[in-house]
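Below: the structure, in structure tokens.
The values are calculated or read from the model by the stated rules, or taken from the named source; none is laboratory data. None of these values were measured; they are calculated from a predicted model. In this analysis, Cβ positions are derived from the backbone assuming ideal geometry, glycine residues included, and neighbour counts consider all displayed protein chains.
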Amino acid sequence: MRFLDAGKGSQMDGLAELKRYFGRFGYLPTPPENISFTDFFDDEFESALVTYQRNLGLSVTGKLDLDTMTVIVSPRCGVSDSAAAATGGGGGRGVKANRRYAYFYGEPRWVRPPPMTLTYAFSPAGAVDYLSPSDVRAAFVGAFSRWSAVIPVNFTETADYSTADIRIGWFDGDHGDGEAFDGVLGVLAHAFSPENGRFHLDAAERWAVDFAAEKSKAAVDLESVATHEIGHVLGLAHSSAKEAIMYPSLSPRTKKVKLRMDDVEGIQALYGSNPNYKYDARLESEYSSGRGMDLERRKGLMKWSATMVIVGSLFSFGL
């Protein structure tokens, strides 16, 4: 891998493209017009890398080590990590300080008279033709139900896309919201904080509802991404807990739909608890360091990512 273990003072072709990736997700400022990122590993990039490693729950080495590069080349949510206003403390709401969830600036949430019900609808123009409408609906029913199980918020589908609280659709490239999609296995989807309601998926991905039927090595699980993006729609930003639903990256052919305690406590601090919710100690497992990604899994990830281009025509990695 070209940049593996590079550190401050290094200069190598392609590092400017990696800096653009860091800028895309909120770790580096965009250079002034007519000025480009350089290929030099300078103090500013080291500082950005350290922040990235801290935010993504990685070992803070200040170098492009294997675990860091593995996360960088993983497909991920398009919501900028800089969108988070505060982490762990929950904005002074009295939750435990070691939690790693985060909110958007201002801690926005949906405000409706109880019992709260939010409507959602699918764009009649933005869809993928290889998934049946019934399979798509089932994936979203599952994703919404995971959140409604822990907070007193219900979700119901409506046929009226224009008036729905949450508006879901598949789109290609630049689709008019200032957050252009970038093709296969870069940014998978993005959603906006309350009460915006927009929820967009990249139509260029190969979406799956059943990995037994979908054989593509680049297939992305729809329910997993839907569950993550609904967290954004409700007001959660990205978590540094690797097993949390709100962690920003997701490997191909991975199903990750179970809320962890980091997700549960974060969302309950905004909306309160569903009266029927029962604490499950097994959800605490995300507080492990997350650094034990087994070597075989990392090797497998590197194989498919070796020729992957991130954020449009960013950079490809060679083993």
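Couple of notes before you dig in:
- Pair list, Cβ under 7 Å, 6 or more apart: region 66-94 residue farther than 12 Å from GLY26 by Cβ and buried (at least 21 other Cβ atoms within 10 Å of the Cβ), other residue β-branched (Val, Ile, Thr) and at pLDDT 90 or above: PRO75/VAL220; ARG76/VAL187
- Checking each residue in region 154-195 for being at pLDDT 95 or above and assigned to a loop (DSSP other than H, G, I, E, B) picks out THR158, ALA159, ASP160, ALA164, ASP165, LEU188, PHE192, SER193, PRO194, GLU195.
- Checked against the criteria, ARG2 counts as over 18 Å from the mean Cα position of the chain (by Cα) and either modelled with pLDDT under 95 or surrounded by fewer than 21 Cβ atoms within 10 Å (Cβ to Cβ) (or both).
- Complete set of residues in region 184-202 that are out of contact with any Asp or Glu (no Cβ under 7 Å at 6 or more places or on another chain) and surrounded by fewer than 19 Cβ atoms within 10 Å (Cβ to Cβ): GLU195, ASN196
- Residue selected from region 38-62 under the condition buried (at least 20 other Cβ atoms within 10 Å of the Cβ) and more than 24 Å from MET246 (Cβ to Cβ), by the criterion farthest from the chain's Cα centre (by Cα): PHE41
- For region 8-62, filtered to residues that are in a loop (DSSP other than H, G, I, E, B) and of a type in the set (A, V, I, L, M), the residue that is farthest from TYR105 (Cα to Cα) is MET12.
- Pairs with Cβ under 8 Å, 6+ apart, first in region 107-134 and among the acidic types (Asp, Glu), second at pLDDT 95 or above: GLU107/GLY235; GLU107/LEU270
- Taken over region 256-267, residues that are of a type in the set (D, E, K, R), surrounded by fewer than 24 Cβ atoms within 10 Å (Cβ to Cβ) and within 14 Å of the chain's Cα centre (by Cα) amount to 1.
- Beta carbons closer than 6 Å, at least 6 apart along the sequence or on distinct chains, pair a first residue in region 226-254 that is outside any strand (DSSP E or B) with a second that is among the basic types (Lys, Arg) for THR227/ARG146; GLY235/ARG109; SER239/ARG100; SER240/ARG100; ALA241/ARG100; GLU243/ARG260; ALA244/ARG260; PRO248/ARG76.
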